[in-house]
1. Can you spot a residue in region 168-175 that is at pLDDT 95 or above and under 15 Å from the mean Cα position of the chain (by Cα)?
2. Only residues that are within 18 Å of residue 138 (Cα to Cα) and free of Cβ contacts under 8 Å to residues at least 24 places away in the same chain: list them for region 32-47, please.
3. Being hydrophobic (A, V, I, L, M, F, W, C) and assigned to a loop (DSSP other than H, G, I, E, B) is the filter; apply it to region 46-80 and report the residue that is nearest to residue 3 (Cα to Cα).
4. For region 127-155, which positions are within 22 Å of residue 56 (Cα to Cα) and of a type in the set (D, E, K, R)?
5. In the set 83, 155, 133, which member is touching a Cys at 6+ places or on another chain (Cβ under 9 Å) and farther than 17 Å from residue 178 by Cα?
6. Pull out all pairs, ordered by first then second residue, where Cβ-Cβ is under 7 Å, the residues are six or more apart or on different chains, the first lies in region 160-183 and is touching a residue at least 60 places away in the same chain (Cβ under 8 Å) and within 14 Å of residue 122 (Cα to Cα), and the second is aromatic (Phe, Trp, Tyr) and open to solvent by less than 50 Å² (accessible area, probe 1.4 Å).
7. Any residue at all in region 56-67 that is free of Cβ contacts under 8 Å to residues at least 60 places away in the same chain and farther than 20 Å from residue 88 by Cβ?
8. Restricting the first residue to region 1-21 and requiring it to be among the β-branched types (Val, Ile, Thr), which pairs with a second residue that is at pLDDT below 95 and part of a strand (DSSP E or B) meet a Cβ separation below 7 Å and a spacing of at least six or different chains?
Amino acid sequence: EAFGFGKKTGIDLPGEAAGILVPQSRAKQIDLATMSMGQANAVTPIQLLNAVCAVANEGKLMKPHLVKQVIDNDGKVIKKMEPQVVKQVVSEQTAKKLSMILEGEVINGTGKNAYIEGYRPGGKTGTAQKIAPTGGYMASEYIASFIGYAPVNDPQLACLVVVDAPQGYPYYGGWVAAPGFKT
């Protein structure tokens, strides 16, 4: 919840959803186990990107914006969105340690296909079973993803790549989505 999951981010875009979190009062042991691997809850792409950006921003959760500024026909800035810290969600030290872990994921882990020579990217792959219309999860349909930022020592860019229902094998985020981050 500290990272903003389960509530709207306030991005300047209509139709934002809050996502879905299992209420703490109803969470069972199985919910806690499945939450640890990304099931049970549903977050929006902007929530996920914003949470990862909080790590990149030394633990500060920011209010996201769709645009940085609005410029008129004469090139004059008529509206500028200033960075706005929502709250500190983890310490700066914790964020730096996590950034090093995310960089390691790209160097030595499943995110190797997102590695960009000279840019020090960090990120995480994801391979999620799709939810079945009747409940539970489909046995053979997935969503592959990669989320990351670069460079980890001075973040300038963050990106989320999502591939819905990749065909064939392998269908993992590290194989299907990570190369999209690299390009």
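The values are calculated or read from the model by the stated rules, or taken from the named source; none is laboratory data. Predicted model only: the values in this text are computed from it and were never measured. Note that we place each Cβ from the backbone using ideal geometry, even for glycine, and neighbour counts take in every protein chain shown. Protein only, heavy atoms only, side chains kept; ligands, DNA and RNA dropped before computing areas. Shrake-Rupley method; radii C 1.70, N 1.55, O 1.52, S 1.80 Å.
1. Looking for residues that are at pLDDT 95 or above and under 15 Å from the mean Cα position of the chain (by Cα), one finds at least one in region 168-175, hence yes.
2. Across region 32-47, the qualifying residues are 34, 35, 37, 40, 42.
3. Across region 46-80, the extreme among qualifying residues is 66.
4. Result: 154, single match.
5. When all the criteria are applied, what remains is 155.
6. Final answer for the pair search is 178/146; 181/146.
7. yes
8. Between residues of region 1-21 that are among the β-branched types (Val, Ile, Thr) and residues that are at pLDDT below 95 and part of a strand (DSSP E or B), the close pairs are 20/42.
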